[in-house]
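Notes to accompany the following structure.
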Amino acid sequence: MANSKYEYVKSFEVEDEIVLPHVIVVRLHARDFLRFCKAHELRRPYDEEALDLMNSCAEFVQRKYPDILFSYGFNDEYSFVFKKKTKFYERRASKILSLITSCFTSVFVDKWKEFFSGRELKYPPSFSGQVIVCATVDVLQHYLAWRQHECYIANQYSACFWALVSHGRTEKEAEDILKDTKKQEQNEMLHQQFNINYNNLPKIFRWGSCVLLMEVEAIVKYDNDGCPVKRLKKQISTVHSQDIARRTFWNQKPSLVKELGSFVEDIKRIDKDYIKYFQSEAKLMPYTWAVIRIDGCHFHKFADVHKFEKPNDEQALKLMNECAVGVLDEFREVIFSYGVSDEYSFILKRSSHLQRTNPSDIVSSVVSLFTSMYVMKWKAFFPLTDLVCQPSFDGRVVCYPSTEILRDYLSWRQVDCHINNQYNTCFWMLVKSGKSRSDAQQILKGTQSQEKMELLANNFGIDYNTIGEMLRLGSSAFWEEENGCSKIVVQHCNIIDDGFWGAHPCILA
Ligand SMILES: [Mg+2]
């Protein structure tokens, strides 16, 4: 397809490939989990259904992406460890991070009713994540030891906290009582005041959960006498182990040792420098326009499976717009967004405080919230179609140094919308008129915009310029002042020319 003069903006996209021999770990956790727990009345200090749901999502993700060898999760977080030589998404950090976060979110929302029947989701849950790059298996071992240690600390605290609250303390009082207490003191408090032996609490709570490929005995058939015939079968399963970072656990898993290496010795003390490294965060470049662009993953297939109308399914586009509105509503730093087909771009305010936070967090959060809403709102837009596979999106963030270049970026997307829509309209009209797909491709090869207009007019009596604005121009969602109050509007307008920006001077101020 034709290139436009705006394509140069692509050169601002930074390369974020994680080179070998580094091992890629994606860690994600729920955003504002406290609020989510309260709104959905999750049990304290732990809700086994919620933990089972998290594990079920991790198993799903691992089944879908076999390059993930091992995952570890507790409470509201999960870490996914990829095999060392993975080629997943060409090892591009932001794509891997966003896709895994999106997939996890999608399944979480979809499976919610399986685990919490009769309890509706009150709002779309979302996750944010980061990529941890481990240069050696020793770094990975430290990472796992650190997370499992955090699991222990967090859950012991939580057990004490909720014991205090259930015995009449306010949350603030419980916090004050526990401030600066050590492991031993908390253990004694549980034991002496509440008669709870921490070590007797469920393993899933104390140790967290691992998802990995295990050899399990499975019934493969029944013999003539009706007796089950069992064989060892490889299967993705969840286990709870006290010491995931110890040799006794890790080195006995052939698949982990083969793909990631064995642990040489047990960790006596978690190195502080490693923890500092795991927590280190990059920042977006200040005083630039940061754009988060998300894109549906394998949406051709998704569209086919759900019988989207060709060349454009208006309901699907409206669902995308609805999700974008939700993103603008939640992230007030997003001042403008533009969407076409299965992609959406979100522009952050230039002085945005989000820019002081890290790019991983903002990309994963936006992708996750968008995905979450897409699944939750599906039925409102497709009441007669069940969601048969979970949609997922990937995302990236790119910083543009000037308003002029940002506008070129938006022009690039709108020109793309026009080129694709014109081509697709012709293509599907030809196919619907009886041409084979390859014939239609052949007819359109090398044609210019004008020729396509003529083809539509002469063969099908269609004046391209009368086709719906949403299809020709894409959708812009942004905040607008109306009678003194601001609200989010969705419009289909020309964002290449100066007219729109002149009429809305505040957006890119
Ligand atoms: Mg796509």
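Here region 393-428 is the region considered, the condition is being crowded, with 16+ Cβ neighbours inside 10 Å and either free of Cβ contacts under 8 Å to residues at least 60 places away in the same chain or acidic (Asp, Glu) (or both), and the residue that is farthest from Cys323 (Cα to Cα) is Cys426. Among residues of region 294-308 that are more than 10 Å from the ligand (Cβ to nearest atom), those with a Cβ under 6 angstrom from a residue that is of a type in the set (Val, Ile, Thr), sequence gap 6+ or separate chain, pair up as Val305/Val388; His306/Thr385. For Glu49, indicate whether it is touching a helix residue (DSSP H, G or I) at 6+ places or on another chain (Cβ under 7 Å) and not basic (Lys, Arg). Judged against the criteria, Glu49 is a match.
Selection of region 334-352 for residues being more than 18 Å from Ser98 (Cβ to Cβ), modelled with pLDDT under 95 and either among the acidic types (Asp, Glu) or part of a strand (DSSP E or B) (or both) yields only Ile335. In region 353-370, of all residues being modelled with pLDDT under 90 and in contact with a strand residue (DSSP E or B) (Cβ under 7 Å, 6 or more places away or on another chain), the one that is nearest to the ligand (Cβ to nearest atom) corresponds to Leu354. Within the bounds of region 320-332, is there any residue that is assigned to a loop (DSSP other than H, G, I, E, B) and over 18 Å from Pro391 (Cβ atoms)? Yes: one or more hits. Do we have Leu328 as more than 16 Å from the ligand (Cβ to nearest atom) and surrounded by 19 or more Cβ atoms within 10 Å (Cβ to Cβ) here? Criteria met by Leu328. Scanning region 309-325 for residues that are away from the ligand (no atom under 15 Å from the Cβ) and without any contact (Cβ under 8 Å) to a residue 40 or more places away in the chain turns up just one, Glu309.
Of the residues making up region 251-293, just one is without any contact (Cβ under 8 Å) to a residue 12 or more places away in the chain and among the aliphatic types (A, V, I, L, M), namely Val257. Of the listed requirements (1) part of a helix (DSSP H, G or I); (2) at pLDDT 95 or above; (3) under 18 Å from the mean Cα position of the chain (by Cα), Asp52 misses just one: (3). Counting the residues of region 109-129 that are closer than 17 Å to Phe33 by Cα, touching a residue at least 60 places away in the same chain (Cβ under 8 Å) and not in a loop (DSSP other than H, G, I, E, B) gives 4. Checking each residue in region 362-392 for being surrounded by fewer than 19 Cβ atoms within 10 Å (Cβ to Cβ) and not aromatic (Phe, Trp, Tyr) picks out Lys377, Lys379, Ala380, Pro383, Leu384, Thr385, Asp386, Leu387, Val388, Cys389.
The values are calculated or read from the model by the stated rules, or taken from the named source; none is laboratory data. Just so it is clear, the model here is predicted, and its values are computed rather than measured. All Cβ positions, even for glycine, are placed from backbone atoms using ideal geometry, and neighbour counts span all protein chains on display.
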